[in-house]
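Input: a single structure, listed below in structure tokens.
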């Protein structure tokens with residue numbers, strides 16, 4: 001009886017912790033990239049971008065006392081200096097205001113949206129195919145939760161080169177299968193996933209091909225990455241991350257906090273307890289089975305290609321829907337996979353379940369690679 005009472009008390013304590021984490025005051029402001037264009041006007045390059053900031057709080061208003069946008073220029077893979085001028089126009093509360101060097105404090109009411117139109121004039125010509133630009137947005141949130149400093153990054157890349165059959169090279173898998181890694185430009189949150197993949201592959205695929213995209217590139221195009229500076233971790237995430245191998249993405253407070261925000265403290269601690277019990281009797285991986293797919297799809301910083309190596313990348317959202325849309329457009333089977341250099345292949349979603357066994361064979365040697373190959377898409381083809 002004492003054991004049962006103790007168990008109930010502990011469970012209630014865990015639920016109180018979950019309730020505290022859920023109700024803890026926090027900023028509900030979210031920033032979304034809408035569209036951008038890289039133009040050439042009078043032999044000068046000009047960038048025009050559009051963003052939205054929405055307050056998702058149902059009752060509380062939040063202030064933005066400061067917002068600053070910087071332009072990072074990556075030349076040959078290195079951060080370089082770039083001369084530019086910027087100008088912002090904000091549309092807010094049925095008014096429009098031009099911003100030069102001073103950001104006025106704005107108050108976003110519940111469910112209200114602020115539109116930001118950014119124009120950047122570059123003082124020199126760009127860009128080579130390996131160069132790209134990044135918008136780094138530093139902004140403050142102020143309200144009932146206190147003050148929060150945020151930093152968001154959005155890639156700008158207009159070096160889209162769509163390939164033809166002669167541009168892709170075959171890698172033999174066995175006597176029945178071959179794979180074709182598809183090189184793309186560096187992808188970002190401005191790239192609409194379905195449209196982007198269709199445009200890259202519509203001239204490459206043949207009947208009965210299978211198109212596979214990595215889970216991280218898809219998640220990045222969906223904007224499912226978070227700067228580690230934006231993660232507000234607490235004592236619970238600091239405690240739980242100690243139970244994981246140092247190379248795990250859950251071995252840091254920020255990585256663990258993301259999982260807590262998704263699954264709750266109670267589910268994670270119970271999964272850990274069962275994981276230890278089963279590991280003691282020789283059965284491994286129970287924790288990840290109980291917390292999948294969220295726990296296995298978190299990639300901590302340094303786990304992704306530059307410039308996303310400073311962000312925590314989550315798993316893709318609605319991958320089955322993505323597969324269905326691309327499959328319908330290209331009239332072939334489509335899958336989303338998580339593949340590593342150790343031979344691990346996980347098919348997260350597919351338009352046809354019967355192709356999973358074939359894909360585990362075709363992708364075992366990781367033809368897309370996990371470094372900076374920029375080949376997030378692989379076409380699997382059955383030999384005639």
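Does residue 254 satisfy the criteria of being within 30 Å of residue 78 (Cα to Cα), in contact with a helix residue (DSSP H, G or I) (Cβ under 6 Å, 6 or more places away or on another chain) and surrounded by 17 or more Cβ atoms within 10 Å (Cβ to Cβ)? Answer is yes for this residue. From the list 356, 286, 379, 361, the one residue that fits, being farther than 29 Å from residue 251 by Cα and free of Cβ contacts under 8 Å to residues at least 60 places away in the same chain, is 356.
The residues of segment 190-208 that are farther than 22 Å from residue 358 by Cα and out of contact with any helix residue (DSSP H, G or I) (no Cβ under 8 Å at 6 or more places or on another chain), listed by number, are 190, 195, 199, 200.
Please work out if residue 305 is under 20 Å from residue 193 (Cβ atoms), without any contact (Cβ under 8 Å) to a residue 24 or more places away in the chain and either buried (at least 17 other Cβ atoms within 10 Å of the Cβ) or assigned by TED's automatic domain parsing to the domain that holds residue 131 (or both). For residue 305, the condition - under 20 Å from residue 193 (Cβ atoms), without any contact (Cβ under 8 Å) to a residue 24 or more places away in the chain and either buried (at least 17 other Cβ atoms within 10 Å of the Cβ) or assigned by TED's automatic domain parsing to the domain that holds residue 131 (or both) - is not met.
A residue that is over 21 Å from the mean Cα position of the chain (by Cα) and in a helix (DSSP H, G or I) cannot be found anywhere in segment 31-51.
So that you can scan it fast, the table gives a plain yes or no per residue for (1) under 17 Å from residue 217 (Cβ atoms); (2) surrounded by fewer than 17 Cβ atoms within 10 Å (Cβ to Cβ):
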residue	(1), (2)
317	yes, yes
341	yes, yes
347	yes, no
360	no, yes
365	no, yes
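I'd like to check something: does segment 252-268 contain any residue that is over 24 Å from residue 223 (Cβ atoms) and touching a residue at least 40 places away in the same chain (Cβ under 8 Å)? Looking for residues that are over 24 Å from residue 223 (Cβ atoms) and touching a residue at least 40 places away in the same chain (Cβ under 8 Å), one finds at least one in segment 252-268, hence yes. Filter segment 276-289 down to residues that are crowded, with 17+ Cβ neighbours inside 10 Å and farther than 13 Å from residue 240 by Cα, then give me how many there are. Residues that pass the stated criteria total 1.
The values are calculated or read from the model by the stated rules, or taken from the named source; none is laboratory data. From a predicted model like this one, the values you see are computed outputs, not experimental measurements. Ideal geometry is used to build each Cβ from the backbone, glycine not excepted, and the neighbour counts take in all protein chains shown.
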